[in-house]
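Quick notes on the structure that follows.
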Amino acid sequence: MKRTFAVLVVAHTLLSVPAHAGELQRAAADLKSLVTAPLHWRAKEWKRFGEGTALVLAVGVADKQIEDAFQRNRSSATNSFAKAITPFGGGRALQVSALLFGAGALFKNPRVEDAGRDSLEAELWAAGVITPIIKREIGRARPFVGEGPYSLKTDQAHADAYQSFPSGHATNAFAAATAIAGHYDNWIVPTIVYTLATGVAVSRVNDHVHWPSDVVAGALIGRAVARGIVTRHLAIVPAKRGIAVLIR
């Protein structure tokens, strides 16, 4: 229910401003590009996909050991940290993205506006559509269920307790971080947003609601979707002196 509401909020934000009446068509075109992207992948892209899959599997082998280590070292301090940062993988991320989008439009700052727009859209497709579909296809039990890291029950996947893989919060946090960072060529903004996203991922393991491989998979999905959207919106066109990068 919360994820559905978030999707509606993002869609409403993207379409609520009259000056952006074409956002729906643009978002639909982006979705088509994301879905058909694998059909156009070359060796380089398939290599990256393989590396990402291998990383998730490698972490998955050590899921129980890593999770146990987190729980042994869990404290009031780590719980407080998790409580403070977890919202940046959910509603807080949506709020920040919407704020960037609105502020950029209001103050005529294309970079800020585009960062907010791409962040919202990345969150919509990655955390609002792709990850939920995978969750319901996998049906992985969360750590607190007590069935171990290899418990997969697709017939129970409608229940939140069996929607561990991948992490929705990690997906959302890294989708937002990657989209925002993609519009800045300095180190400050990327450092801030990726630090927050990493904190969200760590907090989900600390809270005993996700296995480590869940958050790694979520982070990779969010990053891949956001990079695809940002890259598609970048167009290099000739200029009188050098080149100009415009956002379509």
**Prompt:** Can you tell which of Thr191, Thr195, Thr231 is surrounded by fewer than 16 Cβ atoms within 10 Å (Cβ to Cβ), modelled with pLDDT under 95 and in a helix (DSSP H, G or I)?
**Reply:** Thr231
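Just for helices (runs of 4 or more DSSP H) wholly inside the stretch 25-129: which have at least 2 residues that are over 16 Å from the mean Cα position of the chain (by Cα) and charged (D, E, K, R)?
Per the criteria, 43-61, 63-72, 110-125.
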**Message:** Going through Ala82, Ala69, Ala77 one at a time, which residue ends up being on the phi < 0 side of the Ramachandran plot and surrounded by 15 or more Cβ atoms within 10 Å (Cβ to Cβ)?
**Reply:** Ala82
**Item:** Among (1) at pLDDT 95 or above; (2) surrounded by fewer than 22 Cβ atoms within 10 Å (Cβ to Cβ) - the single one Ser167 does not satisfy
**Value:** (2)
**Asked** Give me the pairs: first residue in the stretch 127-140 and crowded, with 19+ Cβ neighbours inside 10 Å, second residue of a type in the set (S, T, N, Q) and not in a helix (DSSP H, G or I), beta-carbon distance under 6 Å, and six or more apart or on different chains, which are they?
**Response** Lys135/Gln163; Arg140/Ser164
**Request:** Considering each residue of the stretch 147-202, count those that are among the aromatic types (Phe, Trp, Tyr) and in contact (Cβ under 8 Å) with a residue 40 or more places away in the chain, and give that number.
**Result:** 3
**Asked** Has the stretch 72-82 got any residue that is modelled with pLDDT of 95 or more and either under 23 Å from Arg227 (Cβ atoms) or of a type in the set (Lys, Arg) (or both)?
**Response** yes
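The values are calculated or read from the model by the stated rules, or taken from the named source; none is laboratory data. This is a predicted model, so every value here is computed, not measured. No Cβ is skipped: glycine too gets one built from the backbone with ideal geometry, and neighbour counts run over all protein chains shown.
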